[in-house]
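Undergrad: After the structure tokens below, expect a handful of questions from me.
The values are calculated or read from the model by the stated rules, or taken from the named source; none is laboratory data. These numbers were taken from a predicted model, which means no experiment stands behind them. Please note: Cβ atoms are built from the backbone with ideal geometry, for glycine as well, and neighbour counts cover all protein chains shown. SASA here: full protein model, heavy atoms, side chains in, ligands and nucleic acids out. Shrake-Rupley method; radii C 1.70, N 1.55, O 1.52, S 1.80 Å.
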Amino acid sequence: VQYFGDASRGLKGSKEVERVPFIEGLGAYAMLLDKMGGSSGMGSYLEANIKKLRSSKADKNKSGYREWLLSELPIHGQTSYKEYVDESAWMANLWIGWTLDFFVELFAELHLGKDTKTAAADAYNRTLYNHHNFFQRTAFNTAVK
């Protein structure tokens with residue numbers, strides 16, 4: 001929570017999110033998910049995308065998360081700007097958003113009193129299911145069983 005608080009304070013009075021504490025906060029959240037999930041590695045999907053953020057070609061001198069992402073935009077010219085390059089901060093940002101959306105839905109379902117299996121299935125069907133291919137869906141459903 002401390003990392004996200006630091007990130008949200010903004011840079012010099014702007015509404016920009018500070019990049020370093022935001023990414024550190026995501027890393028701490030991934031570790032927490034792994035501890036909660038035991039050997040299931042719930043945070044590993046998030047961590048894989050955090051690794052993409054950390055190895056991004058974006059300008060490391062940019063402190064704000066948005067300005068940092070925008071500095072990486074030219075690499076997507078490789079795809080004629082029709083899709084994101086897989087190993088990029090933009091792709092990582094997209095998947096991190098979808099993953100966080102899933103966990104928001106999962107915890108909301110658990111808060112309503114649903115059992116973990118049902119909560120995970122319901123949250124998945126409303127979120128990540130829409131972005132996963134057949135193999136990813138199969139892997140998720142196998143992990144939840």
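Undergrad: Whether any residue in region 126-142 is among the aliphatic types (A, V, I, L, M), open to solvent by less than 70 Å² (accessible area, probe 1.4 Å) and more than 19 Å from residue 34 (Cβ to Cβ) is what I want to check.
TA: For region 126-142, residues among the aliphatic types (A, V, I, L, M), open to solvent by less than 70 Å² (accessible area, probe 1.4 Å) and more than 19 Å from residue 34 (Cβ to Cβ): absent.
Undergrad: From 101, 86, 34, grab the single residue that is exposed (fewer than 12 other Cβ atoms within 10 Å of the Cβ), without any contact (Cβ under 8 Å) to a residue 60 or more places away in the chain, among the acidic types (Asp, Glu) and closer than 30 Å to residue 140 by Cα.
TA: On inspection, the qualifying residue turns out to be 86.
Undergrad: Further, regarding this structure: Would you mind stating whether residue 56 is buried (at least 19 other Cβ atoms within 10 Å of the Cβ) and either modelled with pLDDT under 95 or of a type in the set (Gly, Ala, Ser) (or both)?
TA: yes
Residues checked against (1) over 26 Å from residue 127 (Cβ atoms); (2) at pLDDT 95 or above:
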site	(1), (2)
9	yes, no
23	no, yes
41	no, no
44	no, no
80	yes, no
90	no, yes
99	no, no
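Table: residues versus (1) closer than 22 Å to residue 10 by Cα; (2) out of contact with any Ser or Thr (no Cβ under 8 Å at 6 or more places or on another chain).
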residue: 29; (1), (2): yes, yes
residue: 33; (1), (2): no, yes
residue: 36; (1), (2): no, yes
residue: 44; (1), (2): no, yes
residue: 47; (1), (2): no, yes
residue: 52; (1), (2): no, no
residue: 57; (1), (2): no, no
residue: 60; (1), (2): yes, yes
residue: 64; (1), (2): yes, no
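Undergrad: Within region 1-28, work out how many residues are aromatic (Phe, Trp, Tyr) and open to solvent by less than 50 Å² (accessible area, probe 1.4 Å).
TA: 1
Undergrad: Report the residue count in region 59-71 for those that are open to solvent by less than 70 Å² (accessible area, probe 1.4 Å) and closer than 16 Å to residue 84 by Cα.
TA: 3
Undergrad: Let me ask another. List, please: which pairs have Cβ atoms under 6 Å, are six or more places apart or on different chains, and start with a residue in region 5-31 that is on the phi < 0 side of the Ramachandran plot and end with one that is open to solvent by 20 Å² or more (accessible area, probe 1.4 Å) and among the basic types (Lys, Arg)?
TA: 16/66
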